[in-house]
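Please read the structure below before turning to the comments.
The values are calculated or read from the model by the stated rules, or taken from the named source; none is laboratory data. These figures come from a predicted structure and were not determined experimentally. Methodologically, a virtual Cβ is constructed for each residue, glycine included, from the backbone with ideal geometry; neighbour enumeration extends over all protein chains shown. Calculation scope for accessible area: heavy atoms of the full protein, side chains included, ligands and nucleic acids excluded. Shrake-Rupley method; radii C 1.70, N 1.55, O 1.52, S 1.80 Å.
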Amino acid sequence: MQTKERKVFALKNRGIPRVSQFGHYKYNSVRPGLKDHIHFKTLEICYFLKGKQFYAINEALYELRGNDILIIAPDTAHSTGMYPEDKGELYWLQISLEQKKGPLCHLPAEQSDVLLQSLIRNSHLAFKGSLKLKSILKKLELELQKPQSVLGELRTNQLLLQLLLNTHTIAENQGKAPPTDRVKLIDDFIQEHMERTIFVDELASLVDLSLTYFKEWFKKQKGIPPKEYINRLKIDRAKSELLSKHTITQVAFDLGYGSSQYFSTSFKKYTGVTPRSYIAATRHNT
C-alpha cells in the first residue's frame, strides 16, 4: 500500500523469511488514533524519527519523541490510547516468531532465536536510537522501491540484518536517557509560566545558548522545535483544565491564548478534535 504520506511493504514475496512488513509514514497533520490491535506471534519495532506520539500497551502509556525506539512484544494489544496518530515520522518493522516461516534473514536457527529473544527482552522499553539507524531505514526504504531482483534481495536482507543487530546493541546498552539539567530547567520554566506567551529566545537565554544554536540543540533533544514543544505542553495542560474550568474561554485565557478561537484552532491541530468535542467524549467515557 503506497500513498504520498504512508508506504507499507509486504516482504514475504521478496525472499526475506520471517520479516512480514516494513512501513513508513510522514504525516503533516494528526490522523485518527489507532484502535487496540494485536499482531499474532509477531514482534513489532517502531522507530520514531520526529514529532511526538503516544502508545498505550496494557496499562502503560508511552510517549515517543524524535529518535525514540519502542519494541512491542508479540500478541500484545496496543493502540494510541485516547490520542490521535500525531504529525511526525515513523518507521515500523514486523517480524514473525513462527519458525515454520524460515530462518530470520537467512540466519542459522540458533542465531535467529538468540537475536529475537534479545529484542523481546527489551520490549515495552522506550530508548534512544542513533543516526546510523536512521540511515539504514532510509536505505532500506529506497531499496524496497526498486524493481525486485536477486541482488536487491541480498541488499535488503543485509540492511534488515544491520538494522536488527544495531537495534539489539542499542537496546542492550542504553535505556532511555534521563533528561539533562538544561532540559529539566526548560521544562520547569515552561510549567511555571504557562499562563503567558513564552518566547523561544528567553528559553535560549535561560540555558546560556545563542538562539540559533538553541533551536538546533533543542530539536535534537526533543525531536520537535521549541515553539511546538511549548504549544504541546499547553495543550496537555488544557486537557485537564477543560474538565474542571467553567468555560473554554477561561482555559484559553489562563494558558495565555489571545482568544478562545485561536485556542480552539491550536487544540484541534494537536489533538484532532475541538475542545468542546474533547469534553463531551471524555465525560461520556467516564
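Put simply, of ILE230, ILE224, ILE186 the only residue that is among the hydrophobic types (A, V, I, L, M, F, W, C), surrounded by 16 or more Cβ atoms within 10 Å (Cβ to Cβ) and not in a helix (DSSP H, G or I) is ILE224. Of all residues in segment 114-123, none satisfies being within 17 Å of the chain's Cα centre (by Cα), open to solvent by 50 Å² or more (accessible area, probe 1.4 Å) and more than 15 Å from CYS46 (Cα to Cα). Residues in segment 189-210 that are in a helix (DSSP H, G or I) and either open to solvent by 70 Å² or more (accessible area, probe 1.4 Å) or modelled with pLDDT under 85 (or both): GLN191, GLU192, ASP201, SER205. When every residue of segment 38-45 is checked against the conditions, at least one turns out to be in contact with a Pro (Cβ under 6 Å, 6 or more places away or on another chain) and assigned to a strand (DSSP E or B). Within segment 58-111, the set of residues being of a type in the set (Lys, Arg) and surrounded by 18 or more Cβ atoms within 10 Å (Cβ to Cβ) comprises ARG65, LYS87. Once segment 1-28 is narrowed to residues that are free of Cβ contacts under 8 Å to residues at least 60 places away in the same chain and either under 16 Å from the mean Cα position of the chain (by Cα) or not in a loop (DSSP other than H, G, I, E, B) (or both), the residue that is farthest from LEU97 (Cα to Cα) is ASN28.
Within segment 141-165, if we keep just the residues that are farther than 14 Å from CYS105 by Cα and of a type outside the set (S, T, N, Q), the residue that is surrounded by the most Cβ atoms within 10 Å (Cβ to Cβ) turns out to be LEU144.
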